[in-house]
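Visitor: Before anything else, here's the structure in question.
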Amino acid sequence: MKKLIYLLPLAFLIGCANQQESNETPEVIFEKTIEMQPDSVLRHVVYFSFKETSSQEDIQSVIDAFRDLQNKIDGIKGFEWGINSSPENLNQGLTHAFTLTFHSDEDRDAYLPHPAHKAFGEVLGPHLDKVMVLDYWTKP
């Protein structure tokens, strides 16, 4: 019984300490907004070959204008490009690949007639030899 009398004040102090801690407002250290990514995205893949009369500077101006579309058209969620390096020789003369990413058909459909896309066509037109376009929804 004597042991119980000694333990009661100790239990009381521990209970008070826990109560004080629970009444304190937790400090928020870091807050981050994460944009949700869709499970599947729409890829708009474009392949070009350029006219033999087009210089490297001409081709670079086309690449720069294409890349800049992501700054002018909100629906473009991603852009990447590269030059063919396949040893298979199955590219049918197409040399440059461009991939634009959209999160919806509506974003892609708004991109196609967009004035900035039309203006890009004016930059591309004099240098374009061949083009192929393929759109697809990604699958895991």
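All of the numbers you see were taken from the coordinates with simple rules; none came from a lab. Computed from a predicted model, the values in this text were never measured in an experiment. Backbone-built Cβ (ideal geometry, glycine too); neighbour counts: all protein chains shown.
Visitor: Of all residues being under 21 Å from the mean Cα position of the chain (by Cα), without any contact (Cβ under 8 Å) to a residue 40 or more places away in the chain and in a loop (DSSP other than H, G, I, E, B) in the stretch 39-97, which is surrounded by the most Cβ atoms within 10 Å (Cβ to Cβ)? Just the residue, please.
Guide: If we take residues in the stretch 39-97 being under 21 Å from the mean Cα position of the chain (by Cα), without any contact (Cβ under 8 Å) to a residue 40 or more places away in the chain and in a loop (DSSP other than H, G, I, E, B), then I76 is surrounded by the most Cβ atoms within 10 Å (Cβ to Cβ).
Visitor: Okay, moving on. Report whether or not H114 is crowded, with 16+ Cβ neighbours inside 10 Å, in contact with a Ser or Thr (Cβ under 8 Å, 6 or more places away or on another chain) and not hydroxyl-bearing (S, T, Y).
Guide: In short, no.
Visitor: Further, regarding this structure: Among the residues in the stretch 98-110, are any over 20 Å from P38 (Cβ atoms), small (G, A, S) and not in a helix (DSSP H, G or I)?
Guide: no
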